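**Q** One structure, as structure tokens, below. Some questions next.
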Amino acid sequence: MNGVGLRLRPLGIDTHQEFVIYMRRDCHVCRAEGFEAQTRVEVDLHDRRIIATINVVDSDLLAEGEVSLSTSAWKALNAILGDIVGVAHAPTLDSLSAMRAKIYGHRLDAPALKAIVTDVAAGRYSDMHIAAFLSACAGGRMDLQETIDLTRAMVDVGERIDWGRTPIADKHCIGGLPGNRTTPIVVAIAAAAGLTMPKTSSRAITSPAGTADVMETVTRVDLDLPAMRRVVEREGGCFVWGGALTLSPADDLLIRVERPLDLDSDAQLVASVLSKKIAAGATHAVIDIPVGPTAKIRTNEDAHRLQVLLEQVAAAHGIHLRVVRTNGAQPVGRGVGPALEAHDVLAVLRGAAAAPVDLRMRSLVLAGDLLEFCGHSIPGAGKSEAWRLLDSGAAWDKFQAICEAQGGLREPGVAPLLEAVTAERTGYVSGIDSRRLARVAKLAGAPGAPTAGLTLHVKLGDPVQLGQPLFTLHAEAPGELAYAKRYLATHPILTLGEEAKS
């Protein structure tokens with residue numbers, strides 16, 4: 001054991017994925033080693049080691065000779081109450097010199113990027129270090145070769161699946177459009193057509209729902225690699241949370257810091273998307289880029305720049321890529337939030353009369369493109385084949401089979417608190433702010449409260465009457481419902497025109 005032993009006491013403090021160790025200021029180890037708040041230390045328990053950031057405790061939460069760990073660090077060490085841990089100075093990170101070089105505008109070669117990504121994936125970088133690296137790479141400061149090398153480094157530090165056949169299909173949406181939950185529908189159609197589509201998805205970080213959050217309301221998504229392989233070999237597809245796997249493990253750590261910073265980093269976005277596809281064994285991927293005034297990608301010029309970069313990096317790694325630009329002027333479907341979006345997905349797959357038409361049509365377009373791109377359908381026939389698989393019930397049957405293979409299918413829940421927001425005057429819907437709408441759904445509790453969010457009752461151009469419900473808030477706690485309503489009082493998400501649109 002390295003360092004001097006200290007006894008562990010759980011405090012139950014969740015710092016998400018950042019490893020933190022809590023130590024008394026008057027701890028004899030702190031005094032002897034010169035530790036203070038924000039010092040990076042190596043924590044040793046049996047044969048396991050992590051790098052953690054010190055937070056200093058000035059109260060009686062910890063007794064003399066005791067330390068505690070954040071919940072993620074506790075799990076990483078597989079610790080139990082009373083374990084004795086060693087705490088010592090963290091080893092020097094040579095990759096920090098490369099990170100500092102990037103801050104000063106120097107380009108990084110492949111070995112430098114590999115060293116940085118390796119240290120990030122191993123948990124040796126604090127959030128502060130990760131933020132510095134991301135900031136240094138943002139705003140067009142990474143060239144094409146750096147982006148290619150970053151993508152390769154992110155793949156190389158994790159595991160990589162070889163399915164032993166081709167094509168292996170994948171689909172991804174760049175995001176920024178609430179309710180655009182086409183992925184589960186596309187996977188079901190593709191697998192029903194006989195394609196292999198091992199879909200890994202992320203949880204939400206700053207959005208109201210990620211695909212993994214949505215699918216978790218209907219089935220188990222935290223499968224490991226052997227379980228994922230068994231599901232795919234049996235049913236041809238899966239819906240798995242990428243964070244439960246070791247595919248491009250640095251990606252989740254980088255995204256967790258990048259998104260709250262709201263950085264303009266095309267290079268990181270491309271490396272993030274493509275590294276996960278490459279690691280999962282994909283050979284053919286369709287990428288959906290919604291373009292709209294309040295979407296993540298706001299102009300056709302931005303979409304073109306991103307498309308070119310995606311295509312160039314994909315080609316360098318042997319991935320066949322097709323980019324589809326879609327209308328991002330307004331949210332898709334009706335529900336925004338994990339369970340609400342799951343209800344929309346199930347309605348489309350079941351062929352319900354009230355299923356959102358826009359979600360259905362977008363899914364059919366993307367599924368059709370994927371069927372053609374993978375050679376299953378001849379050019380021009382993909383959409384009609386996707387339509388047939390959906391309307392015949394084959395896609396719904398395949399969706400159920402995949403869910404059963406992952407642990408069972410269940411109905412998504414419904415929030416206990418609902419409150420409609422009505423029109424204050426007659427007019428028509430002339431604008432919907434997707435970013436504000438996503439914010440309201442989060443304030444209502446999504447995605448942490450799975451049934452929270454909102455349901456839209458109108459679309460762009462719809463006429464509305466005074467007192468007509470525009471959307472309904474869904475919450476699991478009164479405080480979160482009140483919080484969302486307070487935000488709406490000063491941040492309206494719908495704009496009403498003066499008269500009905502002709």
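The values are calculated or read from the model by the stated rules, or taken from the named source; none is laboratory data. All values reported here derive from a predicted model rather than from experimental measurement. Counting neighbours? That spans all protein chains shown, and the Cβs are built from the backbone with ideal geometry, glycine included. Note: areas computed on protein heavy atoms with side chains; ligands, DNA, RNA excluded. Shrake-Rupley method; radii C 1.70, N 1.55, O 1.52, S 1.80 Å.
**Q** Suppose we flag trypsin sites (Lys or Arg not before Pro) only when DSSP calls them loop and at most 10 other Cβ atoms lie within 10 Å. Which is the longest uninterrupted stretch of the chain?
**A** Values: sites that count: 165, 425.
No qualifying site falls inside 166-424, the longest such stretch.
**Q** Let me ask you something else. Angle between the Cα long axis of helix 478-490 and the longest principal axis of the chain, 0 to 90 degrees, nearest 10?
**A** Result, in degrees: 70.
**Q** Looking at the chain, which Cys residues are left with no other cysteine's beta carbon under 4.7 Å from theirs?
**A** Singleton cysteines: 137, 173, 238, 374, 403.
**Q** Also, quick follow-up: As a test question: what accessible area, to the nearest 10 Å², does residue 433 have when a 1.4 Å probe is rolled over all protein chains in place?
**A** 40
**Q** Could you pull out every one of the lysines with an alpha carbon less than 20 Å from that of residue 199, ignoring same-chain neighbours closer than 8 positions?
**A** Filter leaves 171, 276, 277, 398.
**Q** Using the Cβ atoms and a cut-off under 14 Å, what net charge is assigned to the surroundings of residue 311, where Lys and Arg are +1 and Asp and Glu are -1?
**A** Working: positive: 277, 305, 322, 325; negative: 266.
Result for the local shell: +3.
**Q** Another question, then. Carbon and sulfur atoms: what percent of the 1.4 Å accessible area of segment 136-189 do they account for?
**A** Details: 750 of 1760 Å².
Carbon and sulfur together cover 43 percent of it.
**Q** How much net charge surrounds residue 344 when only the other residues with a Cβ under 13 Å from the Cβ of residue 344 are counted, with Lys and Arg +1 and Asp and Glu -1? Display every interim value, and only then the final one.
**A** Numbers: positive: 181, 334, 350, 360, 362; negative: 341, 358.
Around residue 344, the charge tally is +3.
**Q** Leaving ligands and nucleic acids out of the surface, order 70, 135 by accessible area at 1.4 Å, largest first.
**A** Numbers: 70 0, 135 50 Å².
Sorted by accessible area, descending: 135, 70.
**Q** In Å, what is the Rg of the alpha-carbon atoms in the chain, and how long is Dmax?
**A** Over the chain's Cα set, Rg and Dmax evaluate to 24.1, 77 Å.
**Q** For helix 357-373, what angle does its Cα long axis make with the longest principal axis of the chain, in degrees from 0 to 90 and rounded to 10?
**A** Once rounded, the angle reads 70 degrees.
**Q** So, one more: Return the FRET efficiency for the residue pair residue 162, residue 80: r is the Cβ-Cβ distance, R0 is 51 Å, and the value is rounded to the nearest 0.05.
**A** E(calc), rounded to 0.05, equals 0.85.
**Q** Still on this structure, I have one more. Rolling a 1.4 angstrom probe over the protein chains, ignoring ligands and nucleic acids, what is the accessible area of residue 409 in square angstrom, nearest 10?
**A** 50
**Q** Can you tell me the length gained on complete extension of the stretch residue 13 to residue 261, counting 0.36 nm per residue apart and subtracting the Cα distance? Provide the component values of the computation, followed by the final result.
**A** Details: separation 248, 0.36 × 248 = 89.28 nm, distance 2.28 nm.
Length gained between residue 13 and residue 261: 87.0 nm.
**Q** Determine the per residue accessible area of segment 338-444 with all protein chains present and a 1.4 angstrom probe, expressed in square angstrom.
**A** Details: 4470 Å² over 107 residues.
Result: 42 Å² per residue.
**Q** Under a crude label model (7 Å from the Cα following the beta-carbon direction), how far is residue 224 from residue 352 in nanometres?
**A** 3.6
**Q** Can you give the net charge of the other residues whose Cβ lies under 12 Å from the Cβ of residue 434, counting K and R as +1 and D and E as -1? Write out the running numbers ahead of the final one.
**A** On the way: positive: 296, 298, 435, 436, 439; negative: 433.
Residues close to residue 434 contribute a combined charge of +4.
**Q** Here is a further query. Report the accessible area of residue 62, computed with a 1.4 Å probe over the heavy atoms of all protein chains in place, in Å² rounded to the nearest 10.
**A** Solvent-accessible area, nearest 10 Å²: 0 Å².
**Q** Also, I was wondering about something else. If one takes the longest principal axis of the Cα atoms in the chain, at what angle in degrees, from 0 to 90 and to the nearest 10, does the Cα axis of helix 249-261 lie?
**A** The angle comes out near 80 degrees.
**Q** Another question, then. Sorted by accessible area (1.4 Å probe), largest first, how do 72, 430 line up?
**A** Values: 72 20, 430 55 Å².
Largest accessible area first, the list is 430, 72.
**Q** Once you sort the root eigenvalues of the Cα gyration tensor of segment 1-98 as a ≥ b ≥ c, which label holds: rounded (a/c under 1.5), prolate (a/b larger than b/c) or oblate (the other case)? Each step should come with its number before you reach the end.
**A** Numbers: a/c = 1.41, a/b = 1.21, b/c = 1.17.
Note, shape of segment 1-98 comes out rounded.
**Q** Shifting gears a bit: Can you tell me the relative contact order of segment 273-402? Whole percent, Cα pairs under 8 Å, sequence separation 6 or more. Present the calculation step by step, with values, prior to reporting the outcome.
**A** Details: 143 pairs, mean separation 26.6, N = 130.
Reported relative contact order: 20 percent.
**Q** State, as an integer percentage, the relative contact order of the chain based on alpha-carbon contacts under 8 Å between residues 6 or more apart.
**A** That works out to 14 percent.
**Q** Separate question: If you average over every viewing direction, what projected area does the convex hull of the Cα atoms of segment 119-221 give, in nm²? Don't skip to the answer; put the middle values down first.
**A** On the way: hull surface 36.2 nm².
So the mean shadow area of the Cα hull is 9.0 nm².
**Q** What is segment 209-359 by shape, rounded, prolate or oblate, if you read a ≥ b ≥ c off the alpha carbon gyration tensor as root eigenvalues and call it rounded for a/c under 1.5, prolate for a/b larger than b/c, and oblate otherwise? Walk me through the intermediate numbers first.
**A** Working: a/c = 1.56, a/b = 1.08, b/c = 1.45.
Oblate.
**Q** Counting only heavy atoms of protein chains, what accessible area per residue, in Å², does segment 118-163 have with a probe of 1.4 Å?
**A** On the way: 1830 Å² over 46 residues.
In whole numbers, segment 118-163 has 40 Å² accessible per residue.
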